[in-house]
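Worksheet for the structure shown next.
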Amino acid sequence: MAEAVLELVLHNLSSLIHKEIAIFLNFEQDFKSLASLLTTIKATLEDAEEKQFTNRAIKDWLLKLKDAAHVLDDILDECATEALELEHGGFNCGPSHKVQSSCISSLKRNQVAFRYKIAKKMKRIRERLDEIAEER
């Protein structure tokens, strides 16, 4: 009996880990997709802004979309900032700036943590945008 429970827990944990890894591995594709989506949102916003004065539902939908677009823009800015910091050596390895193995491994951990954090944010904003799109 305990073995069956343990097997179920391990299966559920494995499934969760696979989902989390998929989020991490799809980071670059999600980033490109969301950047493209932001362009589409901006075009939609321009069109909807004219209609908001005659339709309250469009006005409410437009506010939600604008809010989501700002969140998405912030995520993309955060990624751009991180990329610039990495490109320009924004990671300080100590007073002598010597490259040490502990510094390099710390940098790699920081990059992995950053990518994971951003991937989770992108997943949440994608879900939110899908919900907003369904309201339309």
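One Cα centroid belongs to region 111-136, the other to region 48-65; the line between them spans 23 Å.
Which of the residue pairs 51/117; 42/123; 51/121 have a Cα-Cα distance greater than 26 Å in the structure shown? Those over the limit are 51/117; 51/121.
The alpha-carbon of residue 32 sits under 17 angstrom from the alpha-carbons of these aspartates and glutamates, leaving out residues fewer than 8 places away in its chain: 73, 74, 77, 78, 82, 127, 130.
No value in this document is a laboratory result; all are computed from the given coordinates. None of the values given here were measured: they were computed from a predicted structure.
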